[in-house]
Amino acid sequence: MEHGNLLNWLIFLPTIAAVLCLIVPSNRTVKLIAVLATGLTLLLSLGLFQHFAWWGTAAGDVFGAGYGQKLYEVTKLTWITLGEGARAPKIEYFVGADGLSFPLILLTTVVTFLACLASWNIEHWKINKGIRGYFCLFLLLETGMLGVFCSLDFFLFYIFWEVMLLPMYFLIGVWGGPRKEYAAIKFFIYTLVGSVLMLIVLLAFYFYAPVGLRTFSLIELANNAAIQDAFKAATFLGFRFAPLMFVLLFIGFAIKVPVFPFHTWLPDAHVEAPTPISMILAGILLKMGAYGLLRISYPILPTAGMWASYALGLLGLVNIIYGALCAMAQTDFKRLVAYSSISHMGYVLLGIAIMTPAGLQGAMFQVIAHGISSPMCFFLVGVIYDRAHHREINRFGGLWLSMPVYGSLATLGFFASLGLPGLCGFIGEFWVLVATFSAQAVWPWMTWAKPFAVIAATGVILTAGYILWMIQRVYLGPQREEYKGFPEASAREIAILAPFAALALLLGILPDQSLFRFMNGALNQIAELFK
Amino acid sequence: MNPASLNNWLPSADELHLFSPELILVGTIVAVLVAPLLVGRRPAVPALIAVLGCFVGLVATWAVSTQIADGPQAGMVPPAAGATPMLLADRFSVFYKLLLFLALGLITWLWLIGAQKRNGTNSASERGATEFFVLLLTSALGMMLMVSSFNLLVLIIAIETASLPSYALVASDKRSRLGAEAALKYVMFGATASAIMIYGVSLLYGRFGTLDLSVIASTLDARYAELRSTVATSAPVTHVAVTDAVFWLGLAALGVGITFKIAAVPMHYWCPDVFQGAPIEVTTWLSVASKAAGVGLLLRIVSVFTVTGPWPPPNLPPAAAGHTYAMTVAVLVGVLAAVTCTVGNLAALRQENVKRILAYSSIAHAGYMMMAAAIIVAPSAAGGASAATYNTGMAAVIAYLFVYLLMNVGAFGATALVVWQTGTDHLSTFTGLGRRAPWVALPLAVCLFSLVGLPPLGGFTAKWYLLLALGKTAATQPWLWILVVVAVINTAISLYYYVRIIRQMYLTDDAALPAFRPPGGGVALVSACAIILLLLGTLWFGPLGRRAQALASDIYARPPAAQAELSHRM
């Protein structure tokens, strides 16, 4: 464990900036503070590279000998002592980064910074009041998100998980579209139901561990053999402990991912949320579900993961196919992108469900790839919405002609989402499909893996179908009279799109150098726990 | 009667000192009554005396807490063989006295703001200042006594002392039709509940020949042991239940009175109507103090029936443990708790009146607190052999009540500021409050989110300690996990109606509604509540738990004398 303060700064810098936002006089300063704070957080988070860049070093030196053995920038402070005495169980402020959280922390800071830039024109939004409040909540949201990815104590994880809800509710509810109230409360209630189920698991993990070993540390819960044995043997209200806890956790995380049938909040929230918030929702919040599965469910309850693998794989398939079919049926541009998110997150679930190292790698790659492509797509939608004030796909046409630069970037972004080779989406989906197809090599009993891979592959065709069709309707074709005068994407808009495009290319061309080598070590360690 | 035995009836100075907070309260009541004769009927005078009384009372309570540092003490023992104390002083009762004095202070503050606000428009409430404070302080006195006795007679007197002034308080705004209706409902319900309770007490007295609950509990213990020894000599015990109809009937009737006080199902019907009709200061008082005292009483009663030591009792086969009266009481309380919070939350979903929403919310919170009373293994070591033992359930409730006081005073206080301004308590009056009065809306939002139990606010801290207490005891009584599940699912349900108010404040707006300037004192009150709630959820998270555990240790459970007494009485 290597101690350090970097993560503390990352988590609380936005909070400090949020407080500053409340006291500074002018709206312009508020915006400036928000952009500077998110930018500074991004720069700081780049500092994490020092630990994970391992050209020349062996993977073992970077990732340690086992799961959670090598953590970076760790801060471990006792927050709440339960009981008395030196050995009393503690709730700790325990943050740290490993190969699993590192890419997500970076993704969070990048997407949040770009989303903050995307909020720069808030004065021109339909609802342009309360700029101070907007950026204040925005920054608090960043604290919550970074806190979730950095926490290694279950209790702390839960706190940050919930802290994130409040800003999100207001950001959708106050600055959203026409059905914002409905969308905001739906998001809030769905997520809260998930998180209270997590609360039960939190308590059960604590009390079902043998007395004396009780802990909230996610690392300890996964690594301690005595705790693991206790979990395997226990029953909870007559049910087997591990499967029940797995299901409760899964519902909590599945709501976030979102997994069919818990997905219905997502299209509503996405459509009603303002563009930058949609970017954050799709780019980061959805990833928390997958992260939770990889950080909590699977390492701590590996046997239950096996027990549930078929069901989870099946749900992943449903997500892929159902999401794609729904996307195909949409006429609202933003809704289409929202359903495409559901479809893409299905690959993540499938990759995790097969529980092989390659599956986890593919799933995590897909997580990051989708974290880059989907905010980009949402911003692309936002750009034309700002100009056209509607999102009806069928009413567009020939936009490429009036906005050539924007059109090129848009095509790149949607192709990245489609999974065109050479762009980020391809690697993730391909990796998951290959891993699923060959899963039987690791788990001989996974007879369903091959058929699942074949069915999942058809999802790629459907994806290509709805994206190409959409591109044709929106960007290609004859130029329409009403869109002739559309101004080209502004410098700010290009500045937001360009990094996304660059990252999509980078991950697509150099997947190993840009992502796999930063996280594979940690993912393989998690896969080790399943043995 | 010779003088010597007469002397014994007079409490000693030490005993009087133990109960100095109550005596100071009595003194304050007299002072409030006498003051108008000396200085005329000025509204500020009774308030000032009340605040002064609260302050002196707090100091006296602190003095008592040092006096009982070595262990709980009991007082007012009549000079008869086998007599038990009439009043007790332990850390739990000290906590209650502090809480009630604090609540009194906050209510007085709120009343002063209200008096200012109503100045000129409704002078009736000002003329009633003396009456208001006499009634308020008297009900506080009753509540303090409720948690400081095991004697059923004292309990009945205490409950009546707390209730009767409350009925009048509800009707203290003489022009309000709703207030009169509410008071009538309250009286009718209250009188019925009292009658049933007194009937139950008479049954218990008839059955056990004593008014002391701890003696009743010990008697049952012994009876149970006797039953067990007769059955268990030959065959293994699997089913030994205490089937004592008179006892159960008496206990159930007593339960009616208590559930009425805390507005728990099935005696909760009065609550929304009374809360809606009463002046808002009174509503706040009832929702906080009256409920707190009721929960305290319930815990007191349950705590004498709980089992000391490990569970199941070492000399008892686990199968038989499930049939002990302690277990039965716990399960009954647990079921009532689960039903109460579910009913409260579900009923709140469709309310349109903010006071009614908060009334149902307080029913739900009563349910959460009652869950702690279902924890029947009383003492629980904090860790390590040398560490102090404390009553897990009581610690959870102490933390919960403190937070609940702040949340409710904050929420009702902010509501009061809006209601006094706009003259209505319908949900729609909160429209656009985030713009119209941001410094009322923000603390109110914090208090409401805290009532939901979202981190990082005090409401979550309280709920967390409650769930932790349940989970801890669930190691031996797995059925408590059901209560955990019920509690967390209710949290999710309750989100909807709290957020309705927040939605009205922030997500809707009507440009026609003007902004207004709330009184500074009121903003200070609700902001203070909100800030403390925020601190309780973060920096004071651990300290709150530790304080609660300290206050829940050294609880006066059963007098050793009473147990010794038993062995030859059986």
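The values are calculated or read from the model by the stated rules, or taken from the named source; none is laboratory data. What you are looking at is a predicted structure, and each value in this text was computed from that prediction instead of being measured. Using ideal geometry, Cβ is built from the backbone for each residue, glycine included, and neighbour counts are taken over all protein chains shown. Heavy atoms of the whole protein, side chains included, go into the accessibility calculation; ligands, DNA and RNA do not. Shrake-Rupley method; radii C 1.70, N 1.55, O 1.52, S 1.80 Å.
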**Asked** Mind listing the phi-derived Karplus ³J(HN,Hα) values for the stretch A:371-378, rounded to whole Hz, using 6.51, -1.76 and 1.60 with θ = phi - 60°, and x for any glycine or proline?
**Response** x, 8, 6, 6, x, 4, 4, 5
**Asked** Amide H to amide H under 5 Å from B:S553: which residues, 5+ apart in sequence or cross-chain, H placed 1.01 Å off N in plane?
**Response** B:N391
**Asked** Which of the trypsin sites (Lys or Arg not before Pro) across the stretch A:261-356 are loop residues per DSSP, with 13 or fewer other Cβ within 10 Å?
**Response** none
**Fill in**
Long-range alpha-carbon pairs in the stretch A:364-464, meaning those over 19 Å apart, account in percent for 54 percent
**Reach of A:K334 by Cα under 17 Å, taken over aspartates and glutamates that are not fewer than 8 positions away in the same chain** = A:D268, A:E272, A:D386, A:E392
**Request:** Compute the relative contact order of chain A as a whole-number percentage, counting only Cα pairs closer than 8 Å that sit 6 or more residues apart in sequence.
**Result:** 14 percent
**Request:** List the residues whose amide H sits under 5 Å from the amide H of A:D153, counting only those 5 or more places along or on another chain, with H placed 1.01 Å from N in the peptide plane.
**Result:** A:F94, A:L218
**Prompt:** Give me the Kirkwood hydrodynamic radius of the stretch A:260-351 in Å, from all C-alpha pairs, to one decimal place?
**Reply:** 13.8 Å
**Fill in**
Of the listed pairs A:K76/A:K186; A:K31/A:K287; A:K232/B:K472; B:K117/B:K291, those with alpha carbons more than 24 Å apart are A:K76/A:K186; A:K31/A:K287; B:K117/B:K291
**Prompt:** Which order do A:M519, B:M267 take when ranked by solvent-accessible area (1.4 Å probe, heavy atoms of all protein chains), largest first?
**Reply:** B:M267, A:M519
**Complete:** Expected unfolding gain across A:W469-A:A495 under the 0.36 nm per residue rule, minus the alpha-carbon gap, is 6.6 nm
**Message:** Please report the equivalent ellipsoid semi-axes of the stretch B:19-81, computed as sqrt(5 x eigenvalue) of the Cα gyration tensor, largest first, in whole Å.
**Reply:** 31, 16, 5
**Asked** For the pair A:L77 and A:A230, what calculated FRET efficiency results from E = 1/(1 + (r/R0)^6), where r is the Cβ-Cβ distance and R0 = 35 Å, to the nearest 0.05?
**Response** 0.80
**Asked** Using Cα-only point scatterers and the Debye equation, what is log10 of I(q)/I(0) for the stretch B:491-555 at each q in 0.18, 0.20, 0.21 Å⁻¹, rounded to two decimals?
**Response** -0.99, -1.05, -1.07
**Prompt:** Ignoring ligands, DNA and RNA, how do A:I251, A:I461, B:I113 rank by accessible area with a 1.4 Å probe, largest first?
**Reply:** A:I461, A:I251, B:I113
**Item:** Kirkwood Rh (inverse of mean 1/r, distinct Cα pairs), the stretch B:14-569, angstrom
**Value:** 23.9 Å
**Asked** So how compact is the stretch A:408-449: Cα radius of gyration and Dmax in angstrom?
**Response** 14.3, 46
**Asked** Across the stretch A:25-32, in residue order, what do the Karplus-derived ³J(HN,Hα) couplings come to in whole Hz, using 6.51 cos²θ - 1.76 cosθ + 1.60 with θ = phi - 60° and x for Gly and Pro?
**Response** x, 9, 4, 5, 5, 4, 4, 4
**Request:** Pull up all non-local amide H partners of B:V77: gap of 5 or more, or a different chain, and H-to-H distance under 5 Å with H placed in the peptide plane.
**Result:** B:M86
**Dipole-positive endmost among B:V446, A:I131, B:M143 within the protein assembly as shown (Cβ charges, Cα centre)** = A:I131
**Request:** At 7 Å along the Cα-to-beta-carbon direction for both B:M188 and B:L153, put a label point, then send me their distance in nm to one decimal.
**Result:** 3.4 nm
**Complete:** For the stretch A:6-529, the Cα-Cα pair-distance distribution in 20 Å bins from 0, as whole percents, is 24, 58, 17, 1
**Complete:** In terms of the charge dipole of the stretch B:14-569, which places +1 on Lys and Arg and -1 on Asp and Glu at the beta carbon, the residue among B:A528, B:A31, B:L100 farthest towards the positive end is B:A528
**Request:** Before rounding to the nearest 500, sum -39500 (n - 2.57) across all DSSP H runs of length at least 4 in chain A and divide by the residue total; then give [θ] at 222 nm in deg cm²/dmol.
**Result:** -22000 deg cm²/dmol
**Asked** Among B:Y400, B:L58, B:T283, whose Cα sits farthest toward the positive end of the charge dipole of the stretch B:14-569 (+1 at Cβ of Lys/Arg, -1 at Cβ of Asp/Glu, about the Cα centre)?
**Response** B:T283
**Message:** Considering just Cα atoms, how many Å³ per residue does the convex hull of the stretch B:411-463 enclose?
**Reply:** 77 Å³
**Request:** Mind computing the radius of gyration and Dmax over the alpha-carbon atoms of the stretch B:337-380? Å is fine for both.
**Result:** 12.7, 44
**Prompt:** Within the stretch A:134-161, what residues put their amide N at less than 17 Å from the label point 7 Å along the Cα-to-Cβ vector of A:L43?
**Reply:** none
**Asked** Over the heavy atoms of B:W270, what accessible area does a 1.4 Å probe trace out, to the nearest 10 Å²?
**Response** 10 Å²
**Request:** For the stretch B:429-513, just say rounded, prolate or oblate: build the C-alpha gyration tensor, square-root its eigenvalues into a ≥ b ≥ c, call rounded for a/c under 1.5, and beyond that prolate if a/b exceeds b/c, oblate if not.
**Result:** prolate
**Item:** Total charge dipole magnitude, the stretch B:11-170, about the Cα centre, Cβ charges on Lys, Arg, Asp, Glu only, Debye to nearest 20
**Value:** 660 debye
**Asked** What dipole magnitude, in Debye to the nearest 20, does the stretch B:14-569 give about its Cα centre under +1 on Lys/Arg Cβ and -1 on Asp/Glu Cβ?
**Response** 1100 debye
**Prompt:** What is the Cα radius of gyration of the protein assembly as shown over 2.2 N^0.38 Å, N being its residue count?
**Reply:** 1.01
**Asked** Would you list B:S12, B:S149 from the most to the least accessible area, probe 1.4 Å?
**Response** B:S12, B:S149
**Complete:** Cα-only Rg/Rh for the stretch B:123-228 with Kirkwood Rh rounds to 1.17
**Message:** What translational diffusion coefficient, to the nearest whole µm²/s, does the stretch A:115-160 have by Stokes-Einstein, given a Kirkwood radius computed over alpha-carbon pairs, a temperature of 20 °C and 1.002 mPa s viscosity?
**Reply:** 177 µm²/s
